[in-house]
Each structure stands twice: as structure tokens, then as C-alpha cells.
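This report refers to the structure that appears directly beneath it.
The values are calculated or read from the model by the stated rules, or taken from the named source; none is laboratory data. Everything numeric here is computed off the predicted structure, so don't read it as measured data. In this analysis, Cβ positions are derived from the backbone assuming ideal geometry, glycine residues included, and neighbour counts consider all displayed protein chains. Quick note on the areas: whole protein, heavy atoms, side chains included, nothing else; ligands and nucleic acids left out. Shrake-Rupley method; radii C 1.70, N 1.55, O 1.52, S 1.80 Å.
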Amino acid sequence: MTQWFGKAGMGKKDKTKKEKAEEMIRYTSRDLGQEFIMKRKMIRAIVMAILMAIGLAVFAALYVDEKRRVQETYRKQYINNIRAVREDIADYMNADGDFDFRYRRIVADMSSASSFAFLLDGYEEKQKTINELYTVLLKYPKQSVEKLEDIAAALDDILASLDKGYEEVDALIETYDLKGF
């Protein structure tokens, strides 16, 4: 039976200490190569994560800057529309005829100002006031015509960046008879 399988170890050759050491070195060097590859991959992943974080910060800063620019554009349009309403009121008060058309221009410009006020951040109370002024101009034209001088004065204060103008508009709105025309 020994001729088929060799000695008692059944075909396996007993390793000497030198062979065992060489095999350990071979496996260790292979493991060190894998460790080196894994370290490179981790370093690459860390670098990519840092680059992505920097990119995210840049895009966040660009978004904030663009939002600020858009808000500034909305604010300019809002002021321009308030100025247009003020000019339309002056045209209406100095006009000799075609009052309906001139009043419709006042309402249209006030609608635009109300829309831009809605787009502005941090203008919640002012938005409400401007929207209420637009609503009373639209729904109660007979009463509004009588109060155009007061509305013009309040709009002048708003154009001068005074909060007093919004308070004046609120006070004017309180004087409307909301059950009438």
C-alpha cells in the first residue's frame, strides 16, 4: 500500500522549516500587496469625498449668491411697480377724462406690485398690506377714488423706505366700508 500513496502521510510531503518560511513570505507578500491596494483605494475614496464636499460647498455658496441676486431683482421690480402705481395715481388725479382706463392702470400696476411682494423673502406683513390694498382697489373702486390722495401719500412713504407707509395703508384699509362699493 505504500507504493500507491507514499508513506503514511498519504501523498503529502512533509514540509521542512525552510519551505514553511518561504510559503509564509509568499502569502505575507501577497497580503501586503492587497493591503497596499486597499490603502490606495481608501486614500482615493477620502480624496474624492473631500473634493465632493468642496464642490458641495461651492454650489451652496453659488446658490445663496444667486438667491440674493434674484431677491434684489424682485425688490427692484417691486419698488418700480409701487412707483408706477404712484405715477398712475398722479395721472388719474391730473386727468381730464378716461378715468376708467387710468383706474385700470392703477389696479394693474398694484396687482404687479402685489405679485412681486409675494416673491420677496421676509416681507410677510408687508405682503399682506400690499395685497389688501390691491384687493380694496379692485373690489371698491368708488371708495378708492375718494382716497387716492391718501393712498398716494402712503405709497410715497413706502417708496422712501419708511414702515410708516405700510401702517398708513393699514389704517386706510380700515376706513373702507367693506359691505359697500
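With r as the distance between the Cβ atoms of residue 164 and residue 76 and R0 = 22 Å, compute the FRET efficiency 1/(1 + (r/R0)^6) and round to 0.05. Can you show the working numbers first?
Values: r = 22 Å, r/R0 = 0.99.
After rounding, the FRET efficiency stands at 0.50.
Label points 7 Å out from Cα along the Cβ direction at residue 54 and residue 121: separation in nm?
Here the modelled spin labels are 2.7 nm apart.
With an 8 Å Cα cut-off and a minimum separation of 6 or more residues, compute the relative contact order for segment 30-111 in percent.
On the way: 20 pairs, mean separation 19.1, N = 82.
Relative contact order for segment 30-111 comes out at 23 percent.
What is the dipole size for segment 100-139, taken about its Cα centre, with +1 at each Lys and Arg Cβ and -1 at each Asp and Glu Cβ, in debye to the nearest 20? Each step should come with its number before you reach the end.
Working: 6 positive and 6 negative charges, 51 e Å.
Dipole about the Cα centre, nearest 20: 240 debye.
Please compute the modelled spin-label separation between residue 83 and residue 62, points set 7 Å along Cα→Cβ, answer in nm with one decimal.
3.2
Please work out how much accessible surface residue 173 shows to a 1.4 Å probe, ignoring ligands, DNA and RNA, in Å² rounded to 10.
My reading of the accessible area for residue 173 is about 20 Å².
Take the alpha carbon gyration tensor of segment 47-122, find the square roots of its eigenvalues, order them as a ≥ b ≥ c, and report rounded if a/c is under 1.5; if not, report prolate when a/b exceeds b/c, else oblate. Intermediate results must be reported in sequence, preceding the final value.
Details: a/c = 6.82, a/b = 5.36, b/c = 1.27.
Verdict is prolate for segment 47-122.
May I ask which residue of 144, 129, 117 lies farthest towards the positive end of the charge dipole of segment 110-153, with charges of +1 (Lys, Arg) and -1 (Asp, Glu) on Cβ and the Cα centre as origin?
144
Need one word for segment 25-181: rounded, prolate or oblate. Basis is the Cα gyration tensor (sqrt eigenvalues a ≥ b ≥ c); a/c below 1.5 gives rounded, then a/b vs b/c decides.
Working: a/c = 5.21, a/b = 4.51, b/c = 1.15.
Because a/c hits 1.5 or more and a/b exceeds b/c, segment 25-181 counts as prolate.
Below 8 Å, C-alpha to C-alpha, sequence gap of six or more: please give me the relative contact order for segment 41-181 in percent. Walk me through the intermediate numbers first.
Working: 105 pairs, mean separation 30.2, N = 141.
It comes to 21 percent, rounded to a whole number.
Lysine pairs, Cα distance under 17 Å, 8 or more residues apart or cross-chain: how many in segment 62-181?
Taking the Cα cut-off of 17 Å, the pair count is 9.
Multiply the residue gap between residue 44 and residue 174 by 0.36 nm, knock off their C-alpha separation, and tell me the result in nm, one decimal place. Let's see the in-between values first.
On the way: separation 130, 0.36 × 130 = 46.80 nm, distance 6.73 nm.
Contour length minus the Cα-Cα distance gives 40.1 nm.
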